[in-house]
1. Probe of 1.4 angstrom, ligands and nucleic acids ignored: what's the accessible area per residue over the range A:64-105, in square angstrom?
2. Give me the log10 of I(q) over I(0) for the protein assembly as shown at q = 0.13 Å⁻¹, as the Debye formula computes it from C-alpha points; what are the numbers?
3. Tell me which residues come under 5 Å, amide H to amide H, from A:Lys138 once H is placed; ignore anything under 5 positions away on its chain.
4. Just checking the output field for A:154-165: average partner chain Cβ neighbours within 10 Å of each residue's Cβ?
5. Would you please give the FRET efficiency between A:Arg193 and A:Arg155, computed as 1/(1 + (r/R0)^6) with r the Cβ-Cβ distance and R0 = 51 Å, to the nearest 0.05?
6. When the helix-only estimate is applied to the protein assembly as shown (DSSP H runs of n ≥ 4, each -39,500 (n - 2.57), divided by the residue count), what is the mean residue ellipticity at 222 nm, nearest 500 deg cm²/dmol?
7. Restricting to lysine pairs 8 or more places apart or on different chains, what number in chain B have Cα atoms under 25 Å apart?
8. Compare the Cα positions of A:Leu59, A:Ser69, A:Gly25 along the charge dipole of the range A:1-77 (+1 at Cβ of Lys, Arg; -1 at Cβ of Asp, Glu; about the Cα centre) and return the one farthest towards the positive end.
Amino acid sequence: MSQPAPAVGILGRKIGMTQIYDESGKVVPVTVVHAGPCDVLQVRTAEKDGYEAVQIGYLDKPRRLASRSERGHVAKLDSKRSKSRTAAGVELSAKAGCEPKRFIREIRGTAGDLAPGSQITVEAFAEVPAVDIVATSKGRGFSGAMKRHNFSGQRATHGVKKCHRHLGGTGCSAYPSRLFKGVRMPGQYGNARTTVRNQKVVRVDAENNLILVLGGIPGPKGGFVVVKQTNKV
Amino acid sequence: MSQQILDLVEQTSLKTEVPEFEIGDTVDVHTKILEGDKERIQVFTGVVIARSGSGSREMFTVRRIVNNEGVERKFPLHSPRIAKVEVKRSGVVRRAKLYFLRDRVGKAVRLKERRRDASK
């Protein structure tokens with residue numbers, strides 16, 4: 001990596017898909033993402049943490065559900081030892097002073113003028129042409145090779161017996177007498193971190209905190225997503 | 001909650017004045033067509049046989065007979081490319097989808113005319 005770029009990212013939830021018309025009257029399929037406003041909770045620096053990033057949080061978590069460490073992460077808490085610690089000269093890191101957050105992620109990049117407590121809204125994406133979106137894909141459980149790897153399966157007739165959706169052969173015989181690593185087989189499909197890259201931003205609605213992205217994005221409706229400026233050139 | 005947000009997004013793509021016509025109406029659909037850099041209006045005349053979808057996805061199907069061959073075109077109702085929809089004649093129909101017209105030829109395709117003011 002060359003010069004670290006400024007961190008342009010926001011957290012949100014997938015709302016769903018719909019279609020709109022662009023200026024030329026074409027139909028554009030879009031995914032609506034409700035994003036932000038996000039509070040900056042922490043700033044990672046090269047000197048202290050070894051890398052540059054901004055930690056942001058989306059949606060408040062009720063205090064009764066947040067652990068003490070979660071509450072102490074976003075605001076200053078009094079404790080038994082706080083007095084002795086300040087007397088000893090221990091400096092607390094800067095706090096955002098907001099409610100505990102439900103969804104917290106770090107966005108790599110330099111902080112710029114972002115500091116704990118400042119807010120990120122979708123307006124940060126007004127000039128961004130395309131984004132990368134990270135989300136957890138829909139879980140499909142333990143799936144067969146046809147669904148998971150788009151295998152063709154076997155014939156319906158011509159003597160195929162009870163293995164119509166079977167994956168077929170997986171390797172050779174006497175040599176090597178074993179299965180090579182990475183052979184595609186049935187297994188857990190979905191419910192994994194998935195990234196779609198270089199999705200065009202169709203529209204940014206600052207009033208309603210919405211980003212409209214061209215095409216689909218991973219995950220179910222209501223799923224949490226990370227939206228970042230694309231790193232694809 | 002999420003459906004309200006989707007409706008909000010779709011709202012921006014909806015026409016403020018939705019063309020008014022009903023199933024069974026004979027209509028002129030004026031479509032804007034770009035030829036090179038010139039814009040031209042093309043008219044498609046026929047009977048509205050179906051409306052489908054909702055919100056910004058609403059479509060309507062127009063059927064006409066060209067050279068003894070049935071031609072159907074499906075238009076997006078809210079598309080900015082649809083300049084206007086003119087009702088020429090209204091037909092008496094009792095169902096929402098007039099797919100039965102596809103099986104008919106010749107004189108049987110005609111629908112009985114309905115007096116416009118009576119429907120209002």
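1. Values: 3280 Å² over 42 residues.
For the range A:64-105, the per-residue accessible area is 78 Å².
2. Normalising to I(0) and taking log10 leaves -1.08.
3. Amide H neighbours of A:Lys138, under 5 Å, 5+ apart: A:Asn191, A:Gly219.
4. Details: counts 0, 0, 0, 0, 0, 0, 0, 0, 0, 0, 0, 0.
So the per-residue partner count for this stretch is 0.
5. Values: r = 37 Å, r/R0 = 0.72.
Calculated transfer efficiency: 0.90.
6. Numbers: 6 runs with 36 residues, N = 353.
My calculation for the protein assembly as shown gives -2500 deg cm²/dmol from helical runs alone.
7. Here the count comes out as 28.
8. A:Ser69
The values are calculated or read from the model by the stated rules, or taken from the named source; none is laboratory data. None of these values were measured; they are calculated from a predicted model. Methodologically, a virtual Cβ is constructed for each residue, glycine included, from the backbone with ideal geometry; neighbour enumeration extends over all protein chains shown. The protein model used for the area step is the full one, side chains on, heavy atoms only, and it has no ligands, DNA or RNA in it. Shrake-Rupley method; radii C 1.70, N 1.55, O 1.52, S 1.80 Å.
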